[in-house]
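Let me begin by presenting the structure, written as structure tokens, before commenting on it.
Only the coordinates and a few stated rules stand behind these numbers; no lab work does. In this text, all values refer to a predicted model and were calculated from it rather than measured experimentally.
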Amino acid sequence: MKTIASFTVDHNKLEKGMYISRVDGDVVTYDIRMRKPNGGDYLQNGAMHTFEHLFATFARNSAFENQVVYVGPMGCRTGFYLLLRDTVSHKDAIELVKDSFAFAAHFEGAIPGVGKKECGNYLEHDLEGAKKDAADMAEVLKDWKEENLYY
């Protein structure tokens, strides 16, 4: 079998940030790396799960709601993938991610979709951890530009 694209990235050199992972037809996959790979510090499940709910809710309620294909965590617990239609410019994708992280960092109230009926693991959430992770990443991305999107 051929090696998939994400396994060709040198994870020894990869730092926290936002990158273009791949382009498939009209879908752009963004790699939002919240932890340095293999650094021993990984996203905790409860915080990652809560952040997923906040990130997906915000992105799917943004001006780009119809261009969002997928928002979800990486199995290695170092970040998230955001898949957008290519009608969203890279500049707008960066702004969407920045706005999503700001939303999560300052979120107050009931976490969207955490009832037993809506969520497959409704007991494992950590809002404070999600807010901390989002604030940390918002700082990393504050001056992120299009030229930073490339591995």
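The HN-Hα couplings worked out from phi for region 48-55 by the Karplus form 6.51 cos²θ - 1.76 cosθ + 1.60 (θ = phi - 60°) are 4, 5, 5, 4, 4, 4, 5, 4 Hz, whole numbers, x standing for Gly and Pro. Compared with the dominant Cα axis of the chain, that is its longest principal axis, helix 90-105 is turned about 30°. Between region 1-52 and region 86-141, the alpha-carbon centres lie 16 Å apart. Size descriptor for the chain, Kirkwood hydrodynamic radius: 15.7 Å (Cα pairs only, one decimal). Taking amide H positions as modeled 1.01 Å from N, with prolines and chain starts lacking one, the residues under 5 Å from SER21 and 5 or more places away or on another chain are THR29, TYR30, ASP31.
Using C-alpha pairs under 8 Å with a sequence gap of at least 6, the mean separation divided by the residue count of region 16-140 gives a relative contact order of 31 percent.
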